[in-house]
Amino acid sequence: MRRRVQDRAATPDVEVRLWETIKKLKKTIANKNKELAQIREGVPTLVRAVHQLTLENQELRAQLELPEPNVTPLRRRR
């Protein structure tokens, strides 16, 4: 009888494993949140770079004075 009481007082293995899993998942979430914050910090820099490259590309195309492409649209089938 006393053994049963002692067994019940101990934390079941399932609960211990669940708490360990929760601990690991919280750590994973914290790491992912940190990574996401770093990515978000870099986005404005990348946007500026893309914008600058787009402007430079437009300027270079204008300097080349390429003729408009000769494209004939295809008729849609009905």
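The values are calculated or read from the model by the stated rules, or taken from the named source; none is laboratory data. Just so you know, these numbers come straight off a predicted model, no measurement behind them. Methodologically, a virtual Cβ is constructed for each residue, glycine included, from the backbone with ideal geometry; neighbour enumeration extends over all protein chains shown.
Per-structure values
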| quantity | calculated |
| --- | --- |
| Residue identified as surrounded by 10 or more Cβ atoms within 10 Å (Cβ to Cβ), at pLDDT 95 or above, assigned to a helix (DSSP H, G or I) and out of contact with any Phe, Trp or Tyr (no Cβ under 9 Å at 6 or more places or on another chain) among GLU41, GLU56 | GLU56 |
| Hits in the range 7-18 (condition: loosely packed, with under 10 Cβ neighbours inside 10 Å, in a helix (DSSP H, G or I) and of a type outside the set (A, V, I, L, M)) | ASP7, ARG8, ASP13 |
| Check on THR28, exposed (fewer than 10 other Cβ atoms within 10 Å of the Cβ), at pLDDT 95 or above and β-branched (Val, Ile, Thr) | no |
